[in-house]
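Working notes for the structure below.
A short reminder: the numbers here are calculations on the coordinates, not readings from a lab. Remember, predicted model here, so these are calculated numbers, not experimental data. Here Cβ is always computed from backbone atoms with ideal geometry, including for glycine, and neighbour counts include all displayed protein chains.
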Amino acid sequence: MGLESWDHTKPWDKTNTCVESVWRMACYTYFPRAPVTCKKGDPADYIKPCQSTCSNFIAQCGVECCDESVQCTFEHTKQLEDKSTITTQGYAPHDGPSSFCTG
């Protein structure tokens, strides 16, 4: 991307939309919203970021791939050697703001 974090120590200052979208994605990923019904001190499940967060990053940072494989929502399942499987999922298939996702 050609961007250095020390050159953008205040990503919220609106000087670079790509930097701002990376900052938002990081915040939504590592500091997700709590469910609407959550009370202080209650445990809560992780709520993934919305697909619109990823879409904004792709648009604002000019992310491109030669085979058009850039996707925000996906599900990949892989079988491991011990015959168990692992599933990887992308962003939540909703646009924010939404109670189904963060962002």
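Identify which of Glu81, Glu64, Glu20 has the largest mean-square fluctuation in a Gaussian network model of the chain, with springs joining Cα atoms closer than 10 Å.
Most flexible of the set in this elastic network: Glu81.
May I ask you to sort Val22, Val36 by Cβ crowding, counting other Cβ atoms within 10 Å and putting the fewest first?
In order of increasing Cβ crowding within 10 Å: Val36, Val22.
Under 4.7 Å Cβ to Cβ, no partner at all: give me those cysteines from the chain, in residue order.
Singleton cysteines: Cys27, Cys38, Cys65, Cys66.
What shape does the stretch 5-89 take by its C-alpha gyration tensor, where a ≥ b ≥ c are the square roots of the eigenvalues and a/c under 1.5 counts as rounded, a/b above b/c as prolate, and the rest as oblate?
Cα axes put the stretch 5-89 in the oblate bin.
Fully extended, how many nm does the chain gain between Cys27 and Lys14 (0.36 nm per residue separation, minus their Cα-Cα distance)?
Additional length available on full extension: 3.1 nm.
For Lys48, give me every one of the aspartates and glutamates with a C-alpha distance below 20 angstrom, ignoring sequence neighbours fewer than eight places off in its own chain.
Once the sequence-local aspartates and glutamates are set aside, what remains near Lys48 is Glu20, Glu75, Asp95.
Not counting the cut sites, what is the longest span of the chain without chymotrypsin sites (Phe, Trp or Tyr not before Pro) that DSSP labels loop and that have at most 11 other Cβ atoms within 10 Å?
1-45
Each residue of the stretch 10-26 in turn: what ³J(HN,Hα) in whole Hz from Karplus with 6.51, -1.76, 1.60 and θ = phi - 60°, glycine and Pro shown as x?
Ordered by residue, 3J(HN,Hα) equals 10, x, 7, 7, 6, 8, 8, 5, 5, 4, 5, 5, 5, 4, 5, 4, 5 Hz.
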